[in-house]
Each structure stands twice: as structure tokens, then as C-alpha cells.
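The values are calculated or read from the model by the stated rules, or taken from the named source; none is laboratory data. Only a predicted model underlies this, so the values are computations on that prediction, with no experimental measurement involved. Heads up, the Cβs are rebuilt from the backbone with ideal geometry, glycines too, and the neighbour counts pull from every protein chain shown. With ligands, DNA and RNA removed, areas are computed over all heavy atoms of the protein, side chains included. Shrake-Rupley method; radii C 1.70, N 1.55, O 1.52, S 1.80 Å.
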Amino acid sequence: MEQYIIKGGNPLVGEVEIGGAKNAALAILATAIMTDETVTIENLPNVRDINVMLDAIKGIGGKVERVDVHTVKINGSMISDLLVDYEYIKKIRASYYLLGALLGKYKRAEVALPGGCDIGSRPIDLHLKGFRALGANVDIHHGLISATADGLKGTHIYLDKVSVGATINIMMAAAMAEGKTTIENAAKEPHVVDVANCLNSMGAKIRGAGTDVIRISGVERLHKTEYSIIPDQIEAGTFMFAAAATRGDITVKNVIPKHLDSITAKLLEIGCEVEELDDAVRVVASKPLHHTQVTTLPYPGFPTDMQPQMSVVLGISEGTSTVTESIFENRFKYVDELARMGASIKVESNIAIVTGISQYLGARVSAPDLRAGAALVIAGLAADGITIVDDIYYIERGYEDFHLKLKLLGAQVEKVSTEKEILKFKLKVS
């Protein structure tokens, strides 16, 4: 089993290049099968979730050609199987986007109920409500979601709560429905906009993405395109918080600073200096950091995917902070792991009360999910002594070359899989 071993205490300094947005890429890969022509997708992050999604597309008969590590060509003209296997779904939740894509194109799809990180209940009832409103018969049996329609017809859909997944899935299906569809209370996340832009480049007619009302005029067919995925705001935010936690100075390159506004605002609040450039953000933490309050909210609010990283930084900031999680109820599973490193955090319902300590102490911890795993790595980088992070499989689902990028910033970190490698690292850094 692979682990990260970290010797903390070094400020991270330098420049880091951010890859394509995983959450946008997963949905955009699904849109690529909605035409019989070849779609080229660039700036694809080379992470496990993406590779599972590509395998799922191959599994239903799609042609996948890896041009290079960050570019893929997909052709959906030979899709023969409208059943997406449980093997893929249990590994990544986002393979449910194939439901909206297949339903839109073929008016029929069957997909296993989704898995993914265990960060709380993520029901897909809003997705199914949207498909039914478009005229599909939706049934759940033997762990499979089956959706069929003689034809999809545009309609007015109001989402009871903001849902990125439902917004994207309904948008895909409605892109090839007859007539006009309006999605109200739609998610406004950058990757919703990215998926809409990709669909529009394939001939769809979608307006209003990025606002809470999206209007779609259905088209009969979509065509080929070449599309480059936006930078990953969560990867960028993770390195921004790594700068804060280690009292470092990092320039995060290849980003859209506007997407990072809520993250930047919190870093400024706790005492960091943040400089915004055209396509980069520099974070300097040269002074003691102090407490604040943060609540996770749908975009443009503070992202739930940045909540564990925020808590790690507040854990070594002066005073008492509160972190309120309003999206997922299981998002505090990392708190017990952080306590092994000396953190003083008390969770009451959906609020973490964080009392700052002077420094974390190295310990052996386990990543409970993707973002919490990255947060524990940041804690290890800021800690006194050696930290070992187990279950890094989760982290590699969403971060490309994470430990290598950290090493370029001066971190003492290695990926290891044996006690001998652990001992060798300890001897090297002692």
C-alpha cells in the first residue's frame, strides 16, 4: 500500500502549475459521446478518476485515443451498450454523467447507483426529477437507474436545492430535447459553465450558465469540437493553503483568479498577503495568522472541497475559529486524524470549533477521502517531525503528481510502499 512520508517544517516557496479541473473534465468526457463525430479534449488532468471515466466510456463501446497524457480524442459513433457497469460507478460518482449524455443522445440509459468518496449523503433524486420532467420514464431496480423516453421534450425545471451534478446532467439531456428547457436555481460553479461552453462548441444552444437560470434550446444533433478544460480551482486553492500553513510564498500559475475569490478572501482575512496576476495568484504568509469564521456554500461561496484545507490552516492560527459545513454531513472525518497531530478541534453537529495551537506534531494518519487527504498532507508539511499519510489512493483520485509538485516547492516528501523505504527516508532527512 502506497503512502506519503513527510518531514515537516519547511516553508514552501516557488511556483506551481495547476492542471485541468477534474470536476469539469469528468462531465466534459461524458458530453464527448453525445455526437458521432470525434471530440478532442485538451488540458485533461492525469488522475485516477479521469482514467476510470475513460475506461467506462470504452466499456460501452466508445473509441478513446490518448493523444498524450493531457489530451484525448473520443468518438461515440460505435456505442453499442447503454448499460454503464457498476465496476466504474462504484469507483467514481461522476460516471452518472453518462446517464444524462446517453439519455440525451439515445433516449435510453442504464447506470448503476453511484459511489465515490464517503463524505455524506449525495442523493440523485434531483437528477431523476429533471429527467422525468423532460419526459423520461425513470426506474430504480437491482441497484440500477434505468431511464427511457420515446422523446425528450423541453420544460421548466426548478431545482429544490442547488446541485452541480443535477444541473449538469439535466443540461446534457436537455441539449438534445425537443423545444426549450429552463433550469431554475441552477448551480453556478465554474465547471457548470465549462460544460455548457463545451456543449455550445458542439452545436448546443445553452444560455445563462453561471447564473441561477439556464435556458436551453434543444438541437437534433451535436458535432465534433476541440475543447480545452479550465484550470482546477480546488487544486489551486490547496496549494494556496499549503503556502499559508507552512508560512511560505507560492505563486500558483495557470489559474483563473476570479474562480478563487472566496478562497483569496479567507486568506486575506487570516493575515496572508495575496497578489492577483492575469493567470496566477501569489500567496505569502510572512506574519502570524489569526482566526476567522467560514461557512461552506455553493459557488460563489466558499467551496466545501476546500473546507478540510481551511481547517488545517486555522488549526495553527491564533485564537478560536468556527468552520460550518452546510453541504455534506460527513465532511469532518479528518478531525480525528488531525487530533493525532495535536489539533484542538471540537465538532458539534455541522460546526467545527477550532482552537489554534502553535504547531502540529508529526504522526501516522489516514486519508478518509480526497480533499481531507490533501489537507492531512498540508498538516504534515507544517508539522514538527515525520508524518506518514496512509490511503493516498484517495488523494491520487484528484491530484496529479501531488508529491512531485510539493517537492519542487521545497517540501521533504516521498511516495513509499515498504518499511525499508520509510527507514531510508528517515535516515536521509535526519
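Just a few scattered comments:
- In the elastic network of the chain, a GNM with C-alpha springs shorter than 10 Å, the most mobile of 17, 348, 184 is 348.
- Angle between the chain longest axis and helix 233-245 axis [Cα atoms, degrees, rounded to 10]: 10
- The alpha-carbon positions of the range 268-323 define a convex hull whose volume is 87 Å³ per residue.
- Taking the Kirkwood radius as Rh and the Cα radius of gyration as Rg, the range 40-86 has a ratio of Rg/Rh equal to 0.98.
- With θ taken as phi - 60° and the Karplus curve 6.51 cos²θ - 1.76 cosθ + 1.60 applied, the whole-hertz 3J(HN,Hα) list for the range 209-224 is 4, x, 10, 8, 10, 10, 10, 10, 9, x, 10, 6, 8, 10, 10, 5 Hz, x standing for glycine and proline.
- Calculation over all alpha carbon pairs of the range 217-265 in 10 angstrom steps from 0 returns a P(r) of 21, 37, 17, 16, 8, 1 percent.
- Volume per residue for the chain equals 128 cubic angstrom (convex hull of Cα atoms).
- Taking 26, 12, 159 as the candidate residues, the one with maximal mean-square fluctuation in a Gaussian network model of the chain, Cα springs under 10 Å, is 159.
- For the chain, the relative contact order comes to 21 percent (Cα pairs under 8 Å, sequence separation of at least 6).
- Distance from the alpha carbon centroid of the range 320-387 to that of the range 222-245 works out to 24 angstrom.
- For residue 203, net neighbour charge (Lys/Arg +1, Asp/Glu -1) across residues whose Cβ lies under 12 Å away: +1
- Charge dipole of the range 36-154 (Cα centre as origin; +1 on each Lys and Arg Cβ, -1 on each Asp and Glu Cβ, all else neutral): 240 debye, rounded to the nearest 20.
- Using a probe of 1.4 angstrom and keeping all protein chains present, the accessible surface of the chain works out to 39 square angstrom per residue.
- Debye log10 I(q)/I(0) at q = 0.12 Å⁻¹ for the range 344-408, Cα point scatterers: -0.35
- Legend: translational diffusion of the range 200-324 by Stokes-Einstein, Rh = Kirkwood radius over C-alpha pairs, 37 °C, 0.692 mPa s; D = 202 µm²/s.
- In a reduced charge model with +1 at each Lys and Arg Cβ and -1 at each Asp and Glu Cβ, the chain shows a dipole moment near 280 debye about its Cα centre.
- Residue pairs exceeding 20 angstrom between C-alpha atoms, taken from 180/258; 188/224; 253/333; 22/253: 180/258; 188/224; 253/333.
- Of all aspartates and glutamates in the structure, those lying under 15 Å Cα to Cα from residue 205, and not within fewer than 8 positions of it along the same chain, are 178, 194, 220.
- Charge dipole of the chain about the Cα centre (unit charges at C-beta), most positive-ward option of 288, 52, 83: 83
- Counting only protein heavy atoms and a probe of 1.4 Å, the accessible surface of the chain is 49% carbon and sulfur.
- Measuring with a 1.4 angstrom probe and ignoring ligands and nucleic acids, residue 66 comes out at about 90 Å² accessible.
- In units of the rule-of-thumb radius 2.2 N^0.38 Å, the range 13-150 shows an alpha carbon radius of gyration of 1.08.
- Counting only alpha carbon atoms, the long axis of helix 190-201 and the longest principal axis of the chain meet at about 30°.
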